[in-house]
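This report refers to the structure that appears directly beneath it.
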Amino acid sequence: MRKWAAEHPVLSSALFAVFAGVVVLIVDILLGRKLDTAVANTVFWMLFFWGSSYFAQKRTRKTKARLDEHGQSLMFLRYPDSRLGSLSGVWQMGVATPAPGRIDFQPVVYEDLVPIGRSRALTGLLGAPSPPRKADRHDNKQAVPYGFQVISFDSDGGPIEIAASPDTVQKIQEVVEPASP
């Protein structure tokens with residue numbers, strides 16, 4: 001379903017708006033509103049939901065294309081073994097530039113990719129034997145988008161976890177991890 005929605009962004013946004021509109025109409029009727037008021041409310045909310053969905057998808061595609069031009073990817077980084085309450089244990093969004101044995105990570109904010117702080121070189125990366133896992137509800141509480149995968153690495157600075165889209169995780173694994181003999 002997600003693959004189809006990614007291939008048909010305008011149509012999936014419209015279907016989302018229609019579904020949301022039906023829900024709004026049913027709720028309005030159950031609340032005892034007049035039919036003309038309920039229909040007007042439904043049209044307003046359908047336009048709102050369609051616009052929100054469409055422009056969010058458009059922004060995501062635009063950001064991905066901009067990063068792909070430079071061989072970069074959007075990812076989230078955290079240090080799972082950090083002390084309790086440390087900000088290092090929270091997912092931090094950034095732009096990753098993978099290279100053999102390392103990842104250059106620039107922390108950013110928002111989808112505009114405004115850089116904050118200084119860039120970090122994550123070196124000495126060795127992949128964990130376990131396959132990538134899906135980001136769960138605990139990861140999603142910290143702004144990791146739904147559908148992202150999490151992979152662990154041992155690095156010079158200790159264990160790290162990287163959350164990224166499945167394509168980015170695969171690219172990072174191919175570039176960073178040495179090929180088997």
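In table form, for the structure just shown:
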{"quantity": "Residues located in the stretch 97-123, provided they are exposed (fewer than 13 other Cβ atoms within 10 Å of the Cβ) and at pLDDT below 80", "calculated": "TYR110, ASP112"}
{"quantity": "Filtered residues of the stretch 53-86 (kept if under 15 Å from ILE172 (Cβ atoms) and among the acidic types (Asp, Glu))", "calculated": "ASP68"}
{"quantity": "Filtered residues of the stretch 167-181 (kept if open to solvent by 70 Å² or more (accessible area, probe 1.4 Å) and either at pLDDT 80 or above or in a helix (DSSP H, G or I) (or both))", "calculated": "ASP167, GLN170, GLU174"}
{"quantity": "The stretch 146-166, residues that are over 12 Å from the mean Cα position of the chain (by Cα), open to solvent by 10 Å² or more (accessible area, probe 1.4 Å) and touching a residue at least 60 places away in the same chain (Cβ under 8 Å)", "calculated": "SER152, GLY157, GLY158, PRO159, GLU161"}
{"quantity": "Candidate set: the stretch 7-47, residues that are in contact (Cβ under 8 Å) with a residue 24 or more places away in the chain and not small (Gly, Ala, Ser); chosen: the one surrounded by the most Cβ atoms within 10 Å (Cβ to Cβ)", "calculated": "MET46"}
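The values are calculated or read from the model by the stated rules, or taken from the named source; none is laboratory data. These numbers come from a predicted model, not from an experiment. So basically every Cβ, Gly included, is an ideal-geometry build from the backbone, and we count neighbours across all protein chains shown. The accessibility values were calculated without ligands, DNA or RNA, using every heavy atom of the protein model including side chains. Shrake-Rupley method; radii C 1.70, N 1.55, O 1.52, S 1.80 Å.
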